[in-house]
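This report refers to the structure that appears directly beneath it.
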Amino acid sequence: MLPEPSQAVVQKLTVLMRATNPALRAGAAAAAGALLDSCPELVALIAKRLTDADASVRSAAARGLSEVGHPPKAVVIALGKALRDPVPDVRREAARALDLFGATAAPAAPYLMAVLKDADATVRFHAVEALEKLAPGQPELLPAVVLALGNRLIDGDVAVQTRALSAFGKLAPHAYPLNANLCAAAQNPDPEVRLAAIEALALIPHEGLQVREILRQALHDADGTVRVAAALALAQRRDTSSDIVPMLAQALNEPGARVQVSAIQALKSIGRGAVQALAALENKKTDSNPQIRELAQKAIDAITGNAVAGITTQ
């Protein structure tokens, strides 16, 4: 907890933020940001530095404003305008601040949607995160946000693309039908992108036949994690075709714990219909990984418990 700044400190920072030396102005803006909790009157002074002639000062001001706990609309708008700054570092800091603001960044939504095409991947990444947080509380903006995010589903940066896929999967069911870029992402050469696409598709309740077809194709993906994610998504759609459980049982022999854990969780969610996998799950009870042993037992309990219930009710 920082000590409450004295009036003398506030006055000194105020003077320094107007100094002729840009390094002093930048340092003062950064220092003032650390004092905003106890001295909110500094917010307006820092915000003025967003239009400073020196880029390092503008960047420091945006970084300092990220410390505002309850940003006023004027600050949100000022940071939104800073997303148009010609210097990438300023745009990065402004986007990061708006990301941290969460739902309160809603007034800057138009600026955030515009920078989804920014040349800098970090700016795009923070814009995606910020829009995901603010869109649910802004139903009038949701269709436009989803449409804008749809263009990032084929982003050239993997981190931005996977983050956009995750955000799109959570928001799209409320606004738009299946997006062509989402279908394309399911065929991306990068397995992490394909996984993010499958997880996004799993969250979309409509477009049943088309989504189901993509998920079934993913059952034959070269990456085990993608295959298991597709199987889990199909199981959640009550599609437990004859090839899903054997595929999941086979996935228990994959070398990666990540794949095995996902497969066990998928089998547990299927329940009684996964009786065929009981032998494979029993083998995992002696696995060297304690997490896998525990999850395997829980899956067995779920499957056998459902099986018994099914017999006694017939």
Quiz item: Can you tell me which residues in the stretch 70-87 are open to solvent by less than 60 Å² (accessible area, probe 1.4 Å) and either in contact (Cβ under 8 Å) with a residue 60 or more places away in the chain or farther than 20 Å from Arg25 by Cβ (or both)?
Solution: Pro71, Val76, Ile77, Gly80, Leu83
Quiz prompt | Options Ala119, Ala127, Ala114: the member that is farther than 16 Å from Asn181 by Cβ and open to solvent by less than 50 Å² (accessible area, probe 1.4 Å) | solution = Ala127
Exercise. Go through (1) closer than 27 Å to Gly33 by Cα; (2) open to solvent by 10 Å² or more (accessible area, probe 1.4 Å); (3) β-branched (Val, Ile, Thr) and name the single condition Ile154 misses.
Key: (1)
Quiz item: Restricting to the stretch 108-152, what's the tally of residues that are in a helix (DSSP H, G or I) and either in contact (Cβ under 8 Å) with a residue 60 or more places away in the chain or hydrophobic (A, V, I, L, M, F, W, C) (or both)?
Solution: 23
Quiz item: For Glu67, which of the numbered conditions (1) open to solvent by 60 Å² or more (accessible area, probe 1.4 Å); (2) of a type outside the set (Val, Ile, Thr); (3) modelled with pLDDT under 95; (4) closer than 30 Å to Asn181 by Cα fails to hold?
Solution: (4)
Quiz item: What residue, of Leu234, Leu267, Leu248, Leu209, is without any contact (Cβ under 8 Å) to a residue 40 or more places away in the chain, open to solvent by less than 50 Å² (accessible area, probe 1.4 Å) and over 19 Å from Ala296 (Cβ atoms)?
Solution: Leu234
Quiz item: Given the residues Ala235, Ala172, Ala249, which is the only one that is in a helix (DSSP H, G or I), within 27 Å of Arg124 (Cβ to Cβ) and either of a type in the set (Gly, Ala, Ser) or more than 21 Å from the chain's Cα centre (by Cα) (or both)?
Solution: Ala172
Self-check item: Residue within the stretch 99-107 that is within 19 Å of Leu131 (Cα to Cα), part of a helix (DSSP H, G or I), of a type in the set (Asp, Glu) and free of Cβ contacts under 8 Å to residues at least 40 places away in the same chain present
Solution: yes
Quiz item: Name the pairs whose Cβ atoms lie under 7 Å apart, with the first residue in the stretch 16-29 and within 15 Å of Lys48 (Cα to Cα), the second among the hydroxyl-bearing types (Ser, Thr, Tyr) and modelled with pLDDT of 95 or more, and 6 or more positions between them or separate chains?
Solution: Pro22/Ser56; Ala26/Ser56
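The values are calculated or read from the model by the stated rules, or taken from the named source; none is laboratory data. Please read all numbers here as calculations on a predicted model, not as lab measurements. Virtual Cβ from ideal backbone geometry, glycine too; neighbours counted across all protein chains shown. Ligands, DNA and RNA are stripped out before the accessible areas are found, and what is left, the full protein with its side chains, is counted by its heavy atoms. Shrake-Rupley method; radii C 1.70, N 1.55, O 1.52, S 1.80 Å.
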